[in-house]
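> After the structure tokens below, expect a handful of questions from me.
The values are calculated or read from the model by the stated rules, or taken from the named source; none is laboratory data. What you are looking at is a predicted structure, and each value in this text was computed from that prediction instead of being measured. Don't worry about glycine lacking a Cβ; one is built from the backbone with ideal geometry, like all the others, and counts go over all protein chains shown. When the accessible area is computed, the model is the full protein with side chains, heavy atoms only, and any ligands, DNA or RNA have been set aside. Shrake-Rupley method; radii C 1.70, N 1.55, O 1.52, S 1.80 Å.
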Number of protein chains: 2
Amino acid sequence: MPCLYSDRVSDAFSGVVRSSTALFTDKYELTMLEAALADGSGERPCVFEVFARRLPVGRRYGIVAGTGRLIDALASFRFADAELAIAAEFLDATTVDWLRNYRFSGDIDGYREGDFYFPGSPILSVHGTFAECVLLETLALSIFNHDSAIASAAARMVGAADGRTLIEMGSRRTHEEAAVAAARAAYLAGFDSTSNLEAARRYGIPAAGTAAHAFTLLHTTTAGRDEASAFRSQIDSLGVGTTLLVDTYDITQGVATAVEVAGPELGGVRIDSGDLGVLARQVRRQLDDLGATRTKIVMSGDLDEYGIAGLRAEPVDAYGVGTSVVTGSGAPTAGMVFKLVEVDGIPVEKRSAAKESRGGAKRAVRYARRTGTLVEEVVYPATHPEAPAGEGSVLHELLVPLVRGGEPVAGLPTLDEGRELLARGMVSLPWEGLTLSAGDPAVPTRFVTTEV
Amino acid sequence: MPCLYSDRVSDAFSGVVRSSTALFTDKYELTMLEAALADGSGERPCVFEVFARRLPVGRRYGIVAGTGRLIDALASFRFADAELAIAAEFLDATTVDWLRNYRFSGDIDGYREGDFYFPGSPILSVHGTFAECVLLETLALSIFNHDSAIASAAARMVGAADGRTLIEMGSRRTHEEAAVAAARAAYLAGFDSTSNLEAARRYGIPAAGTAAHAFTLLHTTTAGRDEASAFRSQIDSLGVGTTLLVDTYDITQGVATAVEVAGPELGGVRIDSGDLGVLARQVRRQLDDLGATRTKIVMSGDLDEYGIAGLRAEPVDAYGVGTSVVTGSGAPTAGMVFKLVEVDGIPVEKRSAAKESRGGAKRAVRYARRTGTLVEEVVYPATHPEAPAGEGSVLHELLVPLVRGGEPVAGLPTLDEGRELLARGMVSLPWEGLTLSAGDPAVPTRFVTTEV
């Protein structure tokens with residue numbers, strides 16, 4: 001699988017020139033580094049954890065996404081001349097030299113990509129010196145906050161689609177690089193394909209697409225509109241299996257023209273506007289009457305998980321989803337934080353109103369019934385020799401090794417494996433956790449803080 | 001000014017290796033290209049326009065942002081081997097060859113970066129063959145939809161801050177590359193600085209930062225907390241002009257310790273949690289009592305434009321804004337579309353319910369009173385020999401040349417010039433347009449559609 005930032009990809013294969021990720025960093029991380037190197041505390045062994053204090057309002061679960069991108073980005077978190085030049089503008093020579101030789105050499109454990117998270121789940125646990133860990137704060141959070149927000153929204157859409165095809169087509173509604181990561185997160189969550197070509201190239205995600213209204217409009221002449229000519233051109237080029245966009249002018253006429261031009265073997269028609277439910281029934285009837293009984297109906301146009309659920313009883317074969325998935329459907333960021341929880345084996349935590357964190361490195365397990373249904377998540381001190389007893393008979397370890405001595409461990413899960421993990425996970429959620437309506441987290445979390 | 005994607009920047013200067021932007025593109029653009037090349041319509045002269053059908057709910061104005069980034073990205077919109085490999089998976093040889101030689105050779109006009117836009121404002125007008133223009137849809141929209149959403153939210157915060165310092169510190173809440181673009185858009189809108197080092201490097205935006213709670217926690221020993229030691233370390237490294245984060249434990253104690261360690265010349269204190277208004281007054285009093293009368297108070301912690309406005313009467317010197325600015329404060333995308341409006345001189349438009357666009361290439365002007373206050377925007381057919389008469393005596397041309405024959409025109413406005421344009425623009429809005437409360441667009445737009 002080609003990756004933008006990974007050293008593990010040959011130039012010949014990826015074709016994309018990698019650049020440093022080291023400046024996706026807030027200035028204060030480098031000034032803290034300088035002070036910590038100067039007073040000696042920079043070398044203290046530390047544990048930082050990434051977690052979300054809460055889920056977005058009403059959400060029942062979150063989906064961990066971004067782990068693979070973080071591992072890739074870590075490989076090119078290096079300070080070369082360009083990065084050092086800006087650092088030298090405000091740092092002393094000792095710190096700049098330290099940065100020149102910087103490579104993260106610690107250990108990282110984390111929840112598997114595609115797994116659930118709930119409030120307080122320690123989805124990433126970063127172990128190393130303060131100096132080497134503190135630099136990763138912004139990069140790690142940018143990746144997890146973005147990718148998990150998208151995957152969490154996308155998973156709800158996948159649930160609402162109930163097995164029908166979902167095409168991610170939101171690239172144009174978000175930053176051009178965020179679009180590539182969004183396509184990846186949506187695919188992780190179970191979307192079938194993306195419109196984004198860079199996501200197809202970089203991650204091997206299936207690419208899909210139909211046509212724009214512009215293509216139909218392009219075939220206008222001084223004699224007037226010519227939808228048939230546009231359809232004929234598309235079919236000549238892409239074959240009758242293609243999907244024709246039929247709502248540029250009149251939909252009923254558009255469907256009639258489409259089948260007239262393509263014949264009853266036409267692959268699909270797309271409708272991008274109007275009352276999608278009414279139109280789906282009407283167009284299905286029309287297609288069937290024309291003998292195009294196997295022609296699929298693709299619906300798009302401001303669909304979100306509620307819109308998808310609302311079309312569940314209608315003869316829709318595929319949904320094209322744009323804005324809502326790439327913007328996290330109302331929750332564009334996952335609200336994750338990167339907190340120092342342990343210094344030299346001493347648990348530490350901030351003590352201010354409403355922003356408490358739990359000190360000490362943690363581990364986490366989830367208990368399930370024999371049927372597979374999840375019962376509870378238990379977060380406990382890493383110093384415990386074993387997981388606390390819990391409700392349920394089956395135990396899942398949630399934190400797995402990702403990085404050892406600064407290097408990715410062998411056999412990290414692929415994107416497709418994360419996708420399968422998530423698909424299996426959805427089946428393990430209690431029923432009420434799958435509803436779109438607002439409510440408590442689908443699985444309660446118990447925090448064990450006393451020492452054994 | 002260094003730019004990631006621009007050919008105009010020497011390697012030695014930027015230090016960032018440029019990659020192609022050609023795959024920030026939806027698959028259907030390339031399949032439409034193939035069909036259009038095959039039937040000959042790809043060579044028809046076309047005009048595409050970028051506009052927003054509406055503003056986000058309640059917003060009074062939008063801010064055009066992204067123009068500079070689009071011009072940069074256009075320079076590296078090239079299909080090299082890596083990009084052609086993926087294209088060859090689904091395109092015929094003729095189209096792949098065409099892509100190999102692709103360079104946009106048309107003309108682009110647009111609103112100035114930092115200018116206002118309202119519903120229907122044609123902020124970008126792209127002229128060229130269908131084939132060369134259609135490929136730019138996703139890239140142009142990704143950039144404008146993201147950057148304009150951020151700048152539009154940021155401008156409201158700048159208004160609410162009423163001259164006080166604004167620091168953008170939201171990198172960790174959004175995709176790592178989106179963060180860089182967000183810092184740029186916030187700076188365009190009047191923010192003073194960013195925490196993001198890549199934005200500082202790439203665009204020359206002033207970087208700022210204080211310290212994290214982790215730095216105070218790091219100084220914990222087996223003997224317990226040691227806030228004083230953390231503060232001393234920061235001051236030794238950064239000088240007494242630095243800003244100390246005082247809310248890790250008890251704020252009152254934190255302020256006392258800060259002034260004890262730094263003396264009354266301490267640059268600033270930052271408070272990141274709690275009831276910011278109450279705390280500002282309390283901390284100001286405490287600082288003044290300690291003789292630290294010039295020590296500034298920096299407030300952060302989930303601030304948005306309303307939170308900033310709510311602190312207007314409090315002794316706050318600077319605001320640190322994160323999540324809300326990088327996510328567009330409730331409107332993470334600007335809702336802009338890229339529409340074919342003219343083919344071979346023939347106006348074209350889609351005719352479906354609720355998604356009408358106005359055919360034909362357009363121009364736009366804004367009228368103002370002699371006092372400078374804007375009265376109306378007038379959008380009219382480009383075929384008109386001159387702008388229609390309007391209310392107000394002063395005429396502003398809104399579309400300016402950006403690209404000619406595929407090359408950026410000389411003397412394009414810099415980011416700082418856009419920032420000044422926006423600052424001047426805010427003074428020209430009618431008063432009611434500056435309020436944060438929901439309402440109609442600050443300036444009405446009149447669409448002239450009849451031919452002269």
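> With unit charges on the beta carbons (Lys and Arg positive, Asp and Glu negative) and the dipole taken about the Cα centre of the range B:210-314, which residue among B:Val261, B:Gly310, B:Phe231 sits farthest to the positive side?
Selected residue: B:Val261.
> Next question, about the same structure. Taking every Cα atom in the range A:151-326, find the radius of gyration and the maximum pairwise distance Dmax, and write them in Å.
Every Cα atom of the range A:151-326 included, Rg and Dmax give 16.0, 50 Å.
> Report, in debye and to the nearest 20, how large the dipole of the range B:210-314 comes out about its Cα centre when Lys and Arg carry +1 and Asp and Glu carry -1 on their Cβ.
Approximately 220 debye in magnitude.
> Just to be sure I understand the model, the point goes 7 Å from the Cα along the line to the Cβ. What's the resulting B:Thr293 to B:Val427 distance in nm?
3.2 nm
> Also, I was wondering about something else. Any idea what the dipole of the range B:34-192 comes to, in debye rounded to 20, about its Cα centre with Lys/Arg Cβ at +1 and Asp/Glu Cβ at -1?
Values: 15 positive and 22 negative charges, 195 e Å.
Charge dipole of the range B:34-192: 940 debye, to the nearest 20.
> Distances in nm, one decimal, shortest first, from A:Pro206 to the same residue in every other copy, taking the label point 7 angstrom along Cα→Cβ.
5.3
> Using θ = phi - 60° and the Karplus curve 6.51 cos²θ - 1.76 cosθ + 1.60, what whole-Hz ³J(HN,Hα) does each residue of the range A:419-426 get, with Gly and Pro shown as x?
5, 5, 4, 5, 4, 5, x, 4
> Just flag the GluC sites (Glu not before Pro) in the range A:388-430 sitting in loop per DSSP whose Cβ has no more than 16 other Cβ atoms within 10 Å.
Working: sites: A:Glu391, A:Glu397, A:Glu417, A:Glu420; in loops: A:Glu391.
In loop regions of the range A:388-430 (DSSP not H, G, I, E or B), the sparsely surrounded GluC sites (Glu not before Pro) are A:Glu391.
> Provide Rg over Rh for chain A; use the alpha carbon set for both Rg and the Kirkwood Rh (inverse mean inverse pair distance). Before the final figure, lay out the partial values.
Working: Rg = 25.2 Å, Rh = 24.1 Å.
Rounded to two decimals, Rg/Rh equals 1.05.
> A further question on this structure: Using a label position 7 Å from Cα in the Cα→Cβ direction, what is the ascending list of nm distances from A:Ser437 to the same site in the other copies?
3.5
> Could you put B:Thr414, A:Thr383, B:Thr129 in order of accessible surface area, largest first, with the 1.4 Å probe and the full protein assembly present?
Working: B:Thr414 60, A:Thr383 100, B:Thr129 30 Å².
Ranking B:Thr414, A:Thr383, B:Thr129 by accessible area, largest first, yields A:Thr383, B:Thr414, B:Thr129.
> Please list the non-local residues whose amide H lies under 5 Å from the amide H of A:Thr242, H modeled 1.01 Å from N, same-chain partners needing a gap of 5 or more.
A:Gly267
> While we're on this one: Would you mind checking which residues have amide H under 5 Å from A:Gly62's amide H? H placed 1.01 Å from N; only 5 or more apart, or other chain.
Correct list: A:Tyr117.
> Something else now. Go ahead and run the numbers for FRET between B:Glu260 and A:Asp81, Cβ-Cβ distance against an R0 of 30 Å, rounding to 0.05. Walk me through the numbers on the way to the answer.
On the way: r = 41 Å, r/R0 = 1.38.
Efficiency computed from Cβ-Cβ geometry: 0.15.
> Can you give the accessible area of B:Asp107, probe radius 1.4 Å, in Å² rounded to 10?
Only protein atoms counted, so the area is about 60 Å².
> Consider a paramagnetic label point 7 Å from the Cα of A:Val240 along Cα→Cβ; state which residues of the range A:281-310 have an amide N under 20 Å from it.
From the range A:281-310, the list is A:284-298.
> Using square roots of five times the C-alpha gyration tensor eigenvalues, list the equivalent-ellipsoid semi-axes of the protein assembly as shown in whole Å, biggest first. Could the numbers behind the result be given before it?
On the way: eigenvalues 417, 229, 123 Å².
The equivalent ellipsoid of the protein assembly as shown has semi-axes of 46, 34, 25 Å.
> Enter the accessible area per residue of the range A:281-334 (Å², integer; probe 1.4 Å; all protein chains in place). Don't jump to the answer; show the numbers that get you there.
On the way: 2190 Å² over 54 residues.
In whole numbers, the range A:281-334 has 41 Å² accessible per residue.
> Further question: Only Lys, Arg, Asp and Glu count, each charged at its Cβ (+1, +1, -1, -1), so figure out the dipole size of the range A:323-419 about its Cα centre, rounded to 20 debye.
Details: 12 positive and 12 negative charges, 51 e Å.
Dipole about the Cα centre, nearest 20: 240 debye.
> Pop the C-beta distance of A:Ala438 and A:Glu386 into the FRET formula with R0 = 41 Å and round what comes out to the nearest 0.05. Show your work: numbers first, answer last.
On the way: r = 36 Å, r/R0 = 0.89.
That gives a FRET efficiency of 0.65.
> By the scheme Lys and Arg +1, Asp and Glu -1, what is the net charge of all other residues having a beta-carbon under 15 Å from that of B:Arg112? Provide the component values of the computation, followed by the final result.
Details: positive: B:Arg69, B:Arg363, B:Arg366, B:Arg419, B:Arg424; negative: B:Asp109, B:Glu113, B:Asp115, B:Asp147, B:Glu377, B:Glu397, B:Asp416, B:Glu417, B:Glu420.
Taking every Cβ under 15 Å from that of B:Arg112, the sum is -4.
> 5 Å is the cut-off here: which amide hydrogens, built 1.01 Å from N in the peptide plane, fall below it relative to B:Thr194, excluding neighbours closer than 5 in sequence?
Amide H neighbours of B:Thr194, under 5 Å, 5+ apart: B:Glu168, B:Ala207, B:Ala208.
> Using Cα centres only, tell me the gap between the range B:99-159 and the range A:223-275 in whole Å.
29 Å
> Can you list the HN-Hα couplings for the range A:250-256, worked out from phi with the Karplus curve (6.51, -1.76, 1.60; θ = phi - 60°), rounded to whole Hz and with x for Gly and Pro?
So the Karplus estimates, Gly and Pro as x, are 9, 5, 4, 5, x, 5, 4 Hz.
> What net charge do the residues around A:Met336 carry, taking every other residue with its C-beta under 13 Å from that of A:Met336, with Lys and Arg at +1 and Asp and Glu at -1? Let's see the in-between values first.
Values: positive: A:Arg53, A:Arg54, A:Lys339, B:Arg172, B:Arg173; negative: A:Glu49, A:Glu137, A:Asp147.
The answer is +2.
> Run the count for chain B, please: Lys pairs, Cα-Cα under 30 angstrom, 8 or more apart or on different chains. Write out the running numbers ahead of the final one.
Working: B:Lys27/B:Lys339; B:Lys27/B:Lys350; B:Lys27/B:Lys355; B:Lys27/B:Lys362; B:Lys339/B:Lys350; B:Lys339/B:Lys355; B:Lys339/B:Lys362; B:Lys350/B:Lys362.
Count of close lysine pairs: 8.
> Could you report the buried accessible area between A and B, both sides summed, computed with a 1.4 Å probe and given in Å² to the nearest 100? List each step's numbers first, then the result.
Numbers: alone 19940 and 19960 Å², together 31930 Å².
Answer for the A-B pair: about 8000 Å² buried.
> Can you tell me what share of the DSSP beta bridges in the protein assembly as shown is antiparallel? A percent to the nearest 5 is fine. Don't skip to the answer; put the middle values down first.
Numbers: 79 of 117 bridges.
Expressed as a percentage, antiparallel bridges in the protein assembly as shown total about 70.
> Starting at the first residue of the range A:266-280, write each ³J(HN,Hα) from the Karplus equation 6.51 cos²θ - 1.76 cosθ + 1.60 with θ = phi - 60°, in whole Hz, x for Gly and Pro.
3, x, x, 10, 10, 10, 10, 7, x, 7, 4, x, 4, 5, 4
> Give the percent of DSSP beta bridges with both residues in chain A that are antiparallel, rounded to the nearest 5.
Working: 39 of 58 bridges.
Here the share of antiparallel DSSP bridges comes out near 65 percent.
> Identify the trypsin sites (Lys or Arg not before Pro) of the range B:230-337 meeting these criteria: DSSP loop state and at most 14 other C-beta atoms within 10 Å of the C-beta.
Numbers: sites: B:Arg232, B:Arg270, B:Arg281, B:Arg284, B:Arg285, B:Arg294, B:Lys296, B:Arg312; in loops: B:Arg294, B:Arg312.
Here the sparse-neighbourhood loop sites are B:Arg294, B:Arg312.
> Using a label position 7 Å from Cα in the Cα→Cβ direction, what is the ascending list of nm distances from B:Gly345 to the same site in the other copies?
Result, one decimal in nm: 8.6.
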